Ligand code: SF4
Ligand code: SF4
């Protein structure tokens, strides 16, 4: 599972960097590379764009995984170029931006918006697979998440609006609950659907999320 990101509009990045004359660019070799939002190619494009708009790009680095504390070492090799910059434009997920803020006293700016945790289902098409709800129900839904696969996040069966197996919210997608029904049927486990499930307990996934091992 990866952090799925989208590049911010050029006008927003321009606004973020208003008054900043020199920047160091950091890309990510993992999720942002997979999303084509912060890999080598995109970092090079961003550097060219910023240079064309009059910014001084003191350097760029695409480190293996920005959100991994180990990448602090990878960035150390670029300490001089980072030091010469007014700020650091980070082309990674928001987790990576926050990690980078721990490594440097420089201002950090996100170049991407983090959309969700998901996976690439086909080239260039990303789907959210889990919102970390804190009460995983995959055991009784045939391994299909009704919170992310159903736009209404229903936990007790379909809304009744599906047409020919397609979701009433978007005809592009299958009704999650019809898929769950078929999957459980194939497994001989349809009896699971007779049990009424409690509504989702949002206190199970508090924000900010914290968990202490006892
Ligand atoms: S039920 Fe909750 S924890 Fe399980 S996959 Fe769905 S969102 Fe994630
Ligand atoms: S049609 Fe199916 S997937 Fe769509 S909102 Fe209703 S239950 Fe959820």
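The values are calculated or read from the model by the stated rules, or taken from the named source; none is laboratory data. In this text, all values refer to a predicted model and were calculated from it rather than measured experimentally. Positions of Cβ are generated from backbone atoms using ideal geometry, with glycine treated the same way; all protein chains shown enter the neighbour counts.
Give the residues of region 174-198 that are within 16 Å of ligand 1 (Cβ to nearest atom) and either within 20 Å of residue 118 (Cα to Cα) or in a helix (DSSP H, G or I) (or both), sorted by residue number. Before you say what the answer is, go through the steps one by one.
Filtering region 174-198 for residues within 16 Å of ligand 1 (Cβ to nearest atom) gives 176-177, 179-180, 183-184, 192-193, 195, 197-198.
176, 177, 179, 180, 183, 184, 192, 193, listed by residue number.
Answer with yes or no whether residue 125 is at pLDDT below 90 and under 30 Å from residue 158 (Cβ atoms). Steps first, answer last, please.
On the way: at pLDDT below 90: yes; under 30 Å from residue 158 (Cβ atoms): yes.
Here the answer is yes, as residue 125 does meet what is asked.
Restricting attention to region 69-107, report how many residues are under 20 Å from the mean Cα position of the chain (by Cα) and surrounded by 20 or more Cβ atoms within 10 Å (Cβ to Cβ).
Count: 10.
Kindly provide the set of residues from region 102-137 that are within 16 Å of ligand 2 (Cβ to nearest atom) and out of contact with any helix residue (DSSP H, G or I) (no Cβ under 9 Å at 6 or more places or on another chain), ordered by number.
Within region 102-137, no residue meets the criteria.
List every residue pair whose Cβ atoms sit under 6 Å apart, with the two residues 6 or more apart in sequence or on different chains, where the first one lies in region 171-191 and is within 11 Å of residue 143 (Cβ to Cβ) and the second, anywhere, is within 13 Å of ligand 2 (Cβ to nearest atom).
What qualifies is 179/144; 180/141; 180/144.
Considering only residues of region 133-144 that are assigned to a loop (DSSP other than H, G, I, E, B) and more than 22 Å from the chain's Cα centre (by Cα), which is surrounded by the fewest Cβ atoms within 10 Å (Cβ to Cβ)?
So the residue we want is 142.
In region 145-173, which residues are closer than 19 Å to residue 201 by Cβ, part of a loop (DSSP other than H, G, I, E, B) and more than 9 Å from ligand 2 (Cβ to nearest atom)?
Going residue by residue through region 145-173, those that are closer than 19 Å to residue 201 by Cβ are 145-148, 150, 152-157.
Those left that are additionally part of a loop (DSSP other than H, G, I, E, B): 145, 150, 152-157.
Listed by number, the residues that qualify are 145, 155, 156.
Kindly evaluate residue 167 against the criterion of being in contact with a strand residue (DSSP E or B) (Cβ under 8 Å, 6 or more places away or on another chain) and away from ligand 1 (no atom under 14 Å from the Cβ).
Values: in contact with a strand residue (DSSP E or B) (Cβ under 8 Å, 6 or more places away or on another chain): yes; away from ligand 1 (no atom under 14 Å from the Cβ): yes.
Considered against the rule, which asks whether it is in contact with a strand residue (DSSP E or B) (Cβ under 8 Å, 6 or more places away or on another chain) and away from ligand 1 (no atom under 14 Å from the Cβ), residue 167 comes out as yes.
Looking at region 1-103, what strands (runs of 3 or more DSSP E) fall wholly within it and have at least 1 residues that are closer than 23 Å to residue 128 by Cα? Quick ask: steps written out before the conclusion?
Values: elements: 2-7, 22-28, 56-63, 87-91.
Strands (runs of 3 or more DSSP E) meeting the threshold: 2-7, 22-28, 87-91.
For region 192-210, what are the residues that are in contact with a helix residue (DSSP H, G or I) (Cβ under 9 Å, 6 or more places away or on another chain) and either touching a residue at least 60 places away in the same chain (Cβ under 8 Å) or away from ligand 2 (no atom under 16 Å from the Cβ) (or both)?
192, 195, 197, 200
Can you work out which of the residues in region 111-131 that are more than 16 Å from ligand 1 (Cβ to nearest atom) and outside any strand (DSSP E or B) is farthest from the chain's Cα centre (by Cα)?
Looking at residues that are more than 16 Å from ligand 1 (Cβ to nearest atom) and outside any strand (DSSP E or B), I get 123.
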